[in-house]
Amino acid sequence: MRIGVPKEAAAGQRLVAATPATVGRLCKLGYEVVVEAGAGIGANFSDDAYREAGADAEADAAAAWGADIVIAVAAPAPEQLDYLREGTVLIAQLFPAAHPELVETFAAEGITALALDAVPRISRAQALDTLSTMSNVSGYRAVIEAAVEYQGMFTGQVTAAGKTSPANVFVIGGGVAGLAAIGTAASLGANVRAFDVRPEAGEQIESMGATFVQAKAAQQEISADGYARELTAAQEAATAEMYAAESAKADIVITTALVRGRAPRTITAEMIAAMKPGSVIVDLAASGGGNAEATVPGERVVTENGVIVLGYTDLPGRMPAQTSQLYGTNIVNLLTLLTPAKDGVAVLNLDDEVQRGMTITHEHEVLWPPPPVAVSATTATAVVSTGSTTRSAEEIAAEKAAIAKARSMRQLIGGALAATLLVLAATFGEPGLLGHLTVFALAVVIGFYLITGVAPALHTPLMSHTNAISGIVLVGALLHIGSNNLAVTILAFGAGVVAAINIFGGFLVTRRMIAMFRKDPS
């Protein structure tokens, strides 16, 4: 099958759906790739680079849009729809909820349309999620744009000429864009505070170097497909007061609240009027109307009191080469899923919840909206049903308490038996046995508190440190492996094998973890 990569029709669009690097990966899947001449110029990818990667880079628009599979950044313009054939597979960001007329057109023309913006929010689909890709770049770029406009330094300094305070940055939203903005602003030395209506986002916000602003009255549920729900009237009232206080103190405010393409109002005109002159608001939800009341999509606005409001909607396009590479990788991951045989033939499996969730039309049928997908982000309800029996929250709590009590009793009995055995061994055992048992018991206690006292996120680097302990075990095993006692030799051999596995495994895992953070030499 042939994959077409057309030139984006939108004015000023510099992104492209495939780069020379991703074209090479598509060719390895067995596809022929046709790139419209000049499609990658905006992202600094020449036609020659595409040809070297194995693509036909001299095609016109009709050839690119007329391929078996068309990959694009945005939905086709009206004049480009005429090039699409019945049975064509279109892969792009289509935003079907906001463009129902486009969905009907695809169905009428017999086009199989896969919306990259409708990928289910489940772990298995993260590699295909272009919304996360775009949001990550936007969050980073938002801080860069704010730094250009802000008339001061992000980091505080102490110099011979005096002291400067760090910039105060307030980020609304702890999603992908918000976390990227938090990490970037914190790395520049700013004092970052952030808020998210999801209480579970607090740990992620703090892990990026920001202070999590608490608002207990505003707790938001997550819908069944993993996307955020709209705030209720009570939640909006609870957050409005906090937004007003935080924005008044901030030098830079970055807003990221976007619910299915629509931007809820978070920063009102009154809040903007209370901000300091020279403050900057970067509205990442400008494409949905804007979180700030003064936002004008695509424009830079200066209010009467001197607050700069940036409503740019092309932030990913301001970093075209890297964004195109990330976006193209999302598409490669999708086509890898669609091509299990790697024979250049895409096979759509609507029984797969990932493929079904992003397929909006197929064989003249509208498949949007998709059936809900249950995800781990769904909050627990007060009443839980199991089979035909419905149990209340109190019953569940009582059952958990009973289980905890039984576990404590087992631990108590086990401890008593261990103490009894220790006393018997010390009484009737060899003189040196008590010393060995004492060392063993202390090692068990220290190891238990060492492991349980470390956050799960740090267990992998902790493995490198435990290699030293395994080394001691290995040395002890080598010293006893030549014992005249067969039982001691067997135990020493087993301990040596286990210690060696732990040592080499620990170094291997640590090496892979470190490689994830190294820059690609190419």
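The values are calculated or read from the model by the stated rules, or taken from the named source; none is laboratory data. As the structure is a computational prediction, the values presented were derived from the model and not from experiment. In this analysis, Cβ positions are derived from the backbone assuming ideal geometry, glycine residues included, and neighbour counts consider all displayed protein chains. Side chains included, ligands, DNA and RNA excluded: accessible areas come from the protein's heavy atoms. Shrake-Rupley method; radii C 1.70, N 1.55, O 1.52, S 1.80 Å.
Here is how the numbers come out for the structure above:
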| item | result |
| --- | --- |
| Residue list for region 149-177, filter: under 20 Å from S138 (Cβ atoms) and open to solvent by 50 Å² or more (accessible area, probe 1.4 Å) | V176 |
| Whichever residue in region 358-378 is modelled with pLDDT under 95 and under 19 Å from the mean Cα position of the chain (by Cα) and, among such residues, is surrounded by the fewest Cβ atoms within 10 Å (Cβ to Cβ) | S376 |
| Unmet criterion (only one of (1) at pLDDT 90 or above; (2) open to solvent by 10 Å² or more (accessible area, probe 1.4 Å); (3) outside any helix (DSSP H, G or I)) for D225 | (1) |
| The one condition in (1) within 23 Å of A10 (Cα to Cα); (2) surrounded by fewer than 22 Cβ atoms within 10 Å (Cβ to Cβ); (3) in contact (Cβ under 8 Å) with a residue 24 or more places away in the chain that A115 fails to fulfil | (2) |
| Qualifying strands (runs of 3 or more DSSP E) (wholly inside region 235-346; at least 3 residues being open to solvent by less than 40 Å² (accessible area, probe 1.4 Å)) | 252-255, 280-283, 308-310 |
| Strands (runs of 3 or more DSSP E) contained in region 111-184 and holding at least 2 residues under 18 Å from V282 (Cα atoms) and of a type outside the set (K, R) | 168-172 |
| A125 vs. criteria open to solvent by less than 20 Å² (accessible area, probe 1.4 Å) and modelled with pLDDT of 95 or more | no |
| Count of residues meeting criterion [within 13 Å of G328 (Cα to Cα) and either surrounded by fewer than 24 Cβ atoms within 10 Å (Cβ to Cβ) or touching a Pro at 6+ places or on another chain (Cβ under 7 Å) (or both)] in region 1-38 | 5 |
| Complete set of residues in region 184-195 that are in contact with a Phe, Trp or Tyr (Cβ under 8 Å, 6 or more places away or on another chain) and either open to solvent by 20 Å² or more (accessible area, probe 1.4 Å) or among the aromatic types (F, W, Y) (or both) | L188, G189, R193, F195 |
| Yes/no for V253 being in contact with a Phe, Trp or Tyr (Cβ under 8 Å, 6 or more places away or on another chain) and among the hydrophobic types (A, V, I, L, M, F, W, C) | yes |
| Boolean, L422 is at pLDDT below 75, of a type in the set (A, V, I, L, M) and touching a helix residue (DSSP H, G or I) at 6+ places or on another chain (Cβ under 8 Å) | yes |
